[in-house]
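Okay, so here's the structure we're looking at.
Here, each number is a calculation from the coordinates, and none is a lab measurement. Since we're looking at a predicted model, the values are computed, not measured. Positions of Cβ are backbone-derived with ideal geometry, glycine not excepted, and every protein chain shown enters the neighbour counts.
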Amino acid sequence: MVKHDVKDLGLAKKGKLRIEWAAQEMPVLKSITERFSKEKPLKGIKVVACLHVTTETASLMETLKAGGADVALCASNPLSTQDDAAASLVKNSGISVFAIKGEDTKTYYRHIKDALSLGPQITMDDGADVVSTLHKEEKDLLRNVIGGTEETTTGVIRLKAMAADGALQYPIIAVNDAFTKHLFDNRYGTGQSTMDGIIRATNRLIAGSVFVVCGYGWCGRGVAMRAKGMGARVIVTEIDPLKALEATMDGFEMMPIKEAAKIGDIFVTATGDINVISKDCFPVMKDGAIVCNTGHFNVEIDIESLQKMSKAKRMIRDFVEEFTLKSGKRIYLLGEGRLINLAAAEGHPSAVMDMSFANQALCAEFMVKNAKKLEKTVYSVPEKIDKEIARLKLKAMGIKIDTLTPEQKKYLQSWEMGT
Ligand code: ADE
């Protein structure tokens, strides 16, 4: 048996079936897997992946293995692991996994180090915790690393800060910045899975509720759109004037969080920043207000202050913690303030992860071929890869599109012709 630390290998059978179900919606990744099996572009390459351990991630791990890679996987969040998928990867696919849903912070970082003991040549991150651990605590291992990829907005921000500081020691491709990633995964994936997480956790009616979305990036846009579609009165909060204008013209109410705090029934943070729902918000909230986060880290809600200003707390149902303030008012925190879509639901649907993980697989291949030519900085996904994934996805969906005629091509390349 490969090295592992998972909850229960007895869950492998259930995991295998769920992985098979998810894979049915991942045709792009499937076609890449078929090519990788023949061409072995990752032959002998050691890949350490720190991703949400889900049925979709399981398919990506199989793709990398089919390409010839030696893979170790750890979780990119303590609460997002699907224990059955983790068990199946170990038992049925022979892939090292170190991840248990609900692990504490110490175990979370131990698992990252367990995965890193493989001695990676490529890292695959979702939130940059592997890159950060390598640079801070496992510097000896940096020697072998040729490059890496990063899945999410928060990770890309961290890595760009590292590059700007001159701290980053190898090139990274920002998978998040591909159009076939953020336009679909961040918007439609987060939109649907966040609503799914809130509903599974609370079973509350969305229609008629006052629903506050903090942040109007691609994730916030997706959540606001879906909440509106379910009949909520949606309020958006922003710090960026352009995004605030966009949200306003998309038909959402816009106001500062301190105002929204007084009227919201359900609050979702999707900003990537710290203390967005701050200690000043809780005392003015309505009794029974629900707060949750769908951003990468559990820093967006000031949970520490909420604890301090509460006289009692209890779990009222799975993923729902009731805080009673000294005034007697009750505030409900979902999923410990961690990404609610992965904590209380199953993360993004497979059909969007298909494109995100196709980017991961093709960027790993690109890195093996091109790492020597790259600098120690953060790169965008090559346009060729992005377009190819869109083409493959359309083909799998049976959607045909037009092509430019020679006359149209010529027109676009010329400047002489006006009215
Ligand atoms: N991030 C969001 N949803 C995910 C999923 N289903 N699998 C892996 N990473 C994710």
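Things worth noting here:
- Label zone at Met230 (point 7 Å along Cα-to-Cβ), backbone N below 15 Å, the stretch 335-361: 335, 340-349
- Restricting attention to the stretch 240-312, lysine pairs at least eight places apart or on different chains and with alpha-carbon atoms under 23 angstrom apart total 14.
- Loop-located GluC sites (Glu not before Pro) in the stretch 343-404, at most 14 other Cβ atoms within 10 Å (DSSP): Glu375
- Antiparallel bridge percentage (DSSP; both residues within the chain; nearest 5): 20
- In this simple spin-label model, placing a label point 7 Å from the Cα along the Cα-to-Cβ direction at both Lys326 and Gln169 gives a separation of 4.9 nm.
- Listed by chain and number, the aspartates and glutamates whose C-alpha is less than 19 Å from the C-alpha of Lys329, apart from same-chain residues fewer than 8 away, are Glu259, Asp265, Asp280, Asp287, Asp302, Glu304, Glu321.
- Exposure proxy shown here: for Met1, Met355, the number of other Cβ atoms within 10 Å sets the order, fewest to most, as Met1, Met355.
- Listed by chain and number, the lysines placed with their C-alpha closer than 16 angstrom to that of Lys393 are Lys30, Lys181, Lys384; residues fewer than eight positions away on the same chain are left out.
- Cross-link pairs Lys91/Lys376; Lys65/Lys136; Lys3/Lys106; Lys65/Lys372; Lys101/Lys326 - those with Cα-Cα distance over 25 Å: Lys91/Lys376; Lys65/Lys136; Lys101/Lys326
- Cα gyration tensor category, rounded, prolate or oblate, for the chain with a/c compared to 1.5: oblate
- Seen through its C-alpha gyration tensor, with square-root eigenvalues sorted a ≥ b ≥ c, the stretch 193-304 comes out rounded because a/c lies under 1.5.
- Residue among Thr107, Ile198, Leu142 farthest towards the positive dipole end of the stretch 103-221, charges placed on Cβ: Ile198
- Length added when fully stretched, Glu416-Asp250, from 0.36 nm per residue minus Cα-Cα: 56.0 nm
- Among residues other than Ile206 with Cβ under 15 Å from its Cβ, the summed charge is +3 (Lys and Arg +1, Asp and Glu -1).
- The stretch 186-325: relative contact order in percent, alpha carbon pairs under 8 Å with at least 6 residues between: 21
- Cut-off 11 Å between beta-carbons: net charge of the residues surrounding Lys326, Lys and Arg +1, Asp and Glu -1: +3
- Positive-end residue, the chain charge dipole about Cα centroid, Cβ charges, pick of Ser350, Met249, Ala23: Ala23
- Loop-located trypsin sites (Lys or Arg not before Pro) across the stretch 317-410 with a Cβ neighbour count of 16 or fewer within 10 Å are Lys326, Lys376, Lys400, with loop assigned by DSSP.
- Value at 222 nm in deg cm²/dmol, rounded to 500, when DSSP H runs of n ≥ 4 in the chain each add -39,500 (n - 2.57): -12500 deg cm²/dmol
- Three-way shape label, the stretch 159-202, alpha-carbon gyration tensor, a/c 1.5: prolate
- Loop-resident trypsin sites (Lys or Arg not before Pro) (DSSP state other than H, G, I, E or B) in the stretch 2-52 with no more than 13 further Cβ atoms inside 10 Å of their Cβ: Lys3, Lys43.
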